[in-house]
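One structure below.
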Amino acid sequence: MKNLTTWTVGGSIIAMLLAGCGAEGETVSAEESFGNGPEAALDGFDAVDEANEEGQLAERTVLAELEVADTTITFVQNGNGEGAMLAVEVLGSTQTTSPLQRIQAEQDLTMLEMFNALAPEGSEAPEALRAVHSEQAAAFGRQDVETVLEVAFDANAAIEKSASGCSNLIFNFGSWYAFNKQSKNYQSGTSTLYVGNSSSFRTTNWVTVGACNDDNNSTLKARADFDMDGDSAGWQYSPWYNVGPGGYFLYYPWRMNVGYTCTIGGLTTTCLYGTRYRVKGDGDYPYHLKTAELFEQIH
């Protein structure tokens with residue numbers, strides 16, 4: 001296995017109930033509500049949350065939103081410039097296989113390749129995904145980083161059942177190997193689970209975070225938070241999403257990591273800033289939160 005340090009990826013690979021987070025290129029403000037229908041906003045919740053923990057809604061641009069095989073897949077950019085975070089956020093059912101798992105069964109894909117495989121024929125890929133393709137391909141260890149792989153996906157094929165449920169959807173996709181896994185069950189209320197199971201844990205590895213709704217009748221609120229070293233923003237978080245009965249939320253981020261000059265063993269080199277991650281849930285009935293770091297396994 002190889003430790004990937006150029007990019008930080010989380011799984012956030014986040015069917016289900018989700019209203020649009022905005023059209024392509026739309027920047028969404030903190031005042032707007034997210035989720036499904038008029039019940040999307042949880043009145044007063046953000047105010048209470050911010051009073052107890054530092055953080056802010058991440059500056060957020062929705063690059064594209066796809067409805068694929070009963071799953072909502074949203075490509076977003078949080079922030080701008082070198083410290084920006086690209087992410088795929090997914091809402092789906094724990095009873096079916098994720099489209100992202102299906103297209104990555106044999107080959108890890110860049111975000112551009114994911115979009116091309118899942119978007120309707122003739123769709124124009126967002127420039128932000130094009131801009132990072134070669135960097136992501138290099139992080140996968142490809143020799144040819146310019147070629148864009150073409151992967152066929154049949155959206156009309158029968159939806160496959162998922163035998164492993166929540167853990168399979170959050171931890172298993174492509175050739176990634178999940179380690180440092182954290183998985184906790186909660187009966188109700190608001191809870192937080194950190195990557196590394198610690199609020200001080202930082203990593204330059206790729207990560208996956210997610211939440212699963214164990215109840216068949218109620219809606220769970222879930223979101224993903226991150227805090228990137230090297231900037232002054234502190235904790236930033238995604239909007240609250242409505243995770244419907246028997247559904248899951250997955251957050252799969254790519255940090256455009258910037259480095260700083262450091263000295264190791266007497267040699268001056270470039271070190272990468274780390275990032276902290278956590279997932280939060282709020283519900284009246286049982287739910288799971290899960291986090292892990294990721295390695296790409298050598299083929």
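The values are calculated or read from the model by the stated rules, or taken from the named source; none is laboratory data. Just so we're clear, the structure is a prediction, and the values are computed from it rather than from any experiment. For neighbour counting, all protein chains shown are included, and Cβ atoms are generated from backbone atoms with ideal geometry for every residue, glycine included.
Observations
Conditions (1) surrounded by fewer than 20 Cβ atoms within 10 Å (Cβ to Cβ); (2) modelled with pLDDT under 90; (3) under 26 Å from Gly234 (Cα atoms), marked per residue:
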| site | (1), (2), (3) |
| --- | --- |
| Ala23 | yes, yes, no |
| Val28 | yes, yes, yes |
| Glu31 | yes, yes, yes |
| Gly55 | yes, yes, yes |
| Ala69 | no, yes, no |
| Val76 | no, no, yes |
| Glu82 | yes, yes, yes |
| Val90 | no, no, yes |
| Gln95 | yes, yes, no |
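- Beta carbons closer than 6 Å, at least 6 apart along the sequence or on distinct chains, pair a first residue in segment 228-250 that is under 19 Å from Ser218 (Cβ atoms) and among the polar types (S, T, N, Q) with a second that is surrounded by 20 or more Cβ atoms within 10 Å (Cβ to Cβ) and at pLDDT below 90 for Asn242/Gly35.
- Taken over segment 277-287, the criterion of being farther than 10 Å from Gly189 by Cβ and under 16 Å from the mean Cα position of the chain (by Cα) is satisfied by Tyr277, Arg278, Val279, Lys280.
- Qualifying residue in segment 270-291 (condition: out of contact with any strand residue (DSSP E or B) (no Cβ under 9 Å at 6 or more places or on another chain) and modelled with pLDDT of 85 or more): no
- Looking across Arg130, Arg102, one residue alone is under 18 Å from the mean Cα position of the chain (by Cα), farther than 17 Å from Val207 by Cα and either buried (at least 22 other Cβ atoms within 10 Å of the Cβ) or modelled with pLDDT of 85 or more (or both). It is Arg102.
- Condition check for Gly234: outside any strand (DSSP E or B) and touching a strand residue (DSSP E or B) at 6+ places or on another chain (Cβ under 7 Å): yes
- Residue in segment 206-225 that is in contact with a Cys (Cβ under 6 Å, 6 or more places away or on another chain) and on the phi < 0 side of the Ramachandran plot present: yes
- Top-ranked residue of segment 111-124 - restricted to ones that are under 18 Å from Val62 (Cα atoms) and surrounded by fewer than 19 Cβ atoms within 10 Å (Cβ to Cβ), ranked as nearest to the chain's Cα centre (by Cα): Ala119
- Of all the listed residues (Tyr248, Tyr194), the sole one being buried (at least 16 other Cβ atoms within 10 Å of the Cβ) and closer than 25 Å to Thr110 by Cβ is Tyr248.
- Scanning segment 256-291 for residues that are outside any strand (DSSP E or B) and of a type outside the set (Asp, Glu) yields Asn257, Val258, Gly265, Gly266, Tyr273, Gly274, Tyr285, Pro286.
- Matching option when the condition is modelled with pLDDT under 90, of a type in the set (Gly, Ala, Ser) and assigned to a loop (DSSP other than H, G, I, E, B), among Ala152, Ala138, Ala125: Ala152
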